[in-house]
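Have a look at the structure below, then the notes.
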Amino acid sequence: METMELGRLTCLVAVALLALATVARCDPQVPCYFIFGDSLVDNGNNNYIVSLARANYPPYGVDFPGGSSGRFTNGLTTVDVIAQLLGFDNFIPPYAETGGDQLLNGVNFASAAAGIRAETGQQLGGRITFAGQVQNYQTAVQTMVNILGDQDTASNRLSQCIFSVGMGSNDYLNNYFQPAFYSTGSRYTPEQYSESLIADYRRYLQVMYSYGARKVALIGVGQVGCAPNELARYSPDGTTCVERIDSAIKIFNRGLVRLVNEMNSLPGAHFTYINAYNIFADILANAGAYGFTVPNAGCCGVGRNNGQVTCLPYQAPCANRDQHIFWDAFHPSEAANIIVGRRSYRAASPNDAYPMDIATLASL
């Protein structure tokens with residue numbers, strides 16, 4: 001404990017001496033950060049597979065330092081913001097571009113169009129399903145064991161790392177509510193479908209736990225029914241969120257909360273639920289207070305006209321993108337991602353996280 005406190009004191013002194021020093025850096029709050037998810041957090045993995053779900057072209061990344069990296073937004077994603085707040089000097093790299101010692105700091109396994117169910121998103125081509133992402137994590141852990149020399153050392157490191165999992169959006173957007181491609185909407189009630197998704201989710205989390213994951217944040221599904229593409233499909237006035245979609249999402253999110261309680265019964269487990277639905281609902285309800293003037297249209301790819309959901313290559317985006325909640329017809333803008341990322345890291349409301357936010361999780 002004395003060593004830890006001394007380290008913190010040293011870090012504080014370094015920050016206090018910023019006026020005298022050119023650069024003062026502190027170690028990250030955790031040794032590594034592992035990310036699982038879909039296009040909301042994919043930062044380049046889909047660049048390397050044959051898929052329609054890719055964003056490695058302008059105008060994506062117009063406000064990102066590295067340009068169009070594969071992120072489905074104009075700048076930072078929520079996990080980029082979380083990584084910064086955790087104290088990492090660099091963004092967590094995509095698994096497709098990472099190997100060797102780089103894995104020790106964590107990696108992003110996310111894949112656009114991916115879902116919990118194996119068939120989810122198949123109409124868009126290649127994607128790395130939740131099962132595939134977990135398999136990649138297992139491979140990464142074995143590499144870490146080889147680098148660190150033994151299983152105990154790797155397990156100890158992993159037990160201190162943050163894991164975030166944001167799956168489920170595509171299981172609704174690109175499965176349950178896509179009757180032209182899938183029969184799940186007619187075969188399952190919303191309650192049955194949620195139960196099926198949670199059962200698969202549980203199985204994959206148990207594998208992650210068996211491979212060392214202990215501090216895990218489950219990111220809830222946001223208000224899919226308020227995305228511009230869904231407004232274009234179902235909303236008569238183009239502004240009213242689609243209740244039948246969001247009501248199904250809420251059933252799934254309640255299942256995630258129960259899953260958190262269940263996983264926390266395992267030895268050493270610290271799972272938490274980040275209420276992205278609540279956070280995004282607050283942004284939409286108080287758009288003006290957050291500086292947004294356009295809550296229901298993307299900067300590009302504003303609807304399903306001619307099938308357009310994502311931005312077309314080299315399409316000119318709007319000039320006032322910081323005033324848009326959505327970047328394209330589904331994905332939030334950097335400005336919205338920053339708010340969600342910050343509130344995921346440190347809750348601004350008691351309803352933002354259960355039982356703790358990511359900052360608290362990191363401190364355990």
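Just so it is clear, none of the values below were taken in a lab; they were calculated from the coordinates. In this text the structure is predicted, and so the values were computed from the model without any measurement. Here Cβ is always computed from backbone atoms with ideal geometry, including for glycine, and neighbour counts include all displayed protein chains.
Overview of results
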item	result
Residue-by-residue Karplus 3J(HN,Hα) for segment 42-55, coefficients 6.51, -1.76, 1.60, Hz, glycine and proline x	4, 10, x, 5, 6, 5, 10, 10, 7, 7, 7, 8, 9, 9
Sites Arg157 and Gln206 - FRET efficiency at Förster radius 22 Å, r taken between beta-carbons, to 0.05	0.60
Where trypsin sites (Lys or Arg not before Pro) in DSSP loops with at most 16 other Cβ within 10 Å are excluded, longest remaining stretch of the chain	26-303
Rounded to the nearest 20 debye, dipole of the chain from Cβ charges on Lys, Arg, Asp, Glu	360
Percent of alpha-carbon pairs separated by more than 22 Å within segment 217-336	41
Fewest-first sequence of Cys318, Cys161 by Cβ atoms within 10 Å of each Cβ	Cys318, Cys161
Relative contact order, percent, segment 29-161 [alpha-carbon distance under 8 Å, six or more residues apart]	31
Karplus-derived 3J(HN,Hα), 6.51/-1.76/1.60, for each residue of segment 222-235, Hz, glycine and proline x	x, 7, 4, x, 9, 5, x, 5, 6, 5, 5, 7, 10, 8
Top positive-direction residue, dipole computed over segment 99-258 with Cβ charges, set Ile251, Phe109, Ser183	Ile251
Average Cα contact separation per residue, segment 149-276, under 8 Å, 6 or more apart, as relative contact order %	30
Amide H contacts under 5 Å for Ile219, placed H, 5+ residues apart	Val165, Gly166, Met167, Ile274
Amide H partners (placed H, <5 Å) of Ala353, local residues excluded	Asn275
Angstrom value of the Kirkwood radius, inverse mean 1/r, which spans all Cα pairs in segment 52-136	14.0
Environment charge of Thr239, counting only residues whose C-beta is closer than 15 Å and scoring Lys/Arg +1, Asp/Glu -1	-3
Antiparallel DSSP beta bridges within the chain, percent to nearest 5	20
Förster-model FRET efficiency, 45 Å R0, Leu148 and Tyr290, C-beta, rounded to 0.05	0.55
Phi to ³J(HN,Hα) by Karplus 6.51 cos²θ - 1.76 cosθ + 1.60 over segment 70-86, Hz, x for Gly, Pro	x, 6, 8, 6, 7, x, 7, 8, 4, 6, 4, 5, 4, 4, 4, 5, 6
Value of relative contact order over the chain, rounded to a whole percent, pairs C-alpha under 8 Å and six or more apart	17
Alpha-carbon Debye profile of segment 44-83, log10 I(q)/I(0) at 0.22, 0.32, 0.33, 0.34 Å⁻¹	-0.64, -1.05, -1.07, -1.10
Signed unit charges on C-beta, dipole axis of the chain, positive-most listed residue Gly268, Phe64, Gln29	Gly268
Over the chain: helical MRE at 222 nm, DSSP H runs n ≥ 4 each giving -39500 (n - 2.57), nearest 500	-11000 deg cm²/dmol
Built amide H within the under 5 Å cut-off of Phe34, gap 5+	Val107, Ile162, Phe163, Ser164
Tilt relative to the chain, helix 243-263 - C-alpha long axis, 0 to 90 degrees, to 10	20
Residue list for segment 308-329, given a label point 7 angstrom along the Cα-to-Cβ vector of Leu52 and an amide N cut-off under 17 Å	308-313, 329
Surface/4 of the Cα convex hull for the chain, nm²	18.8
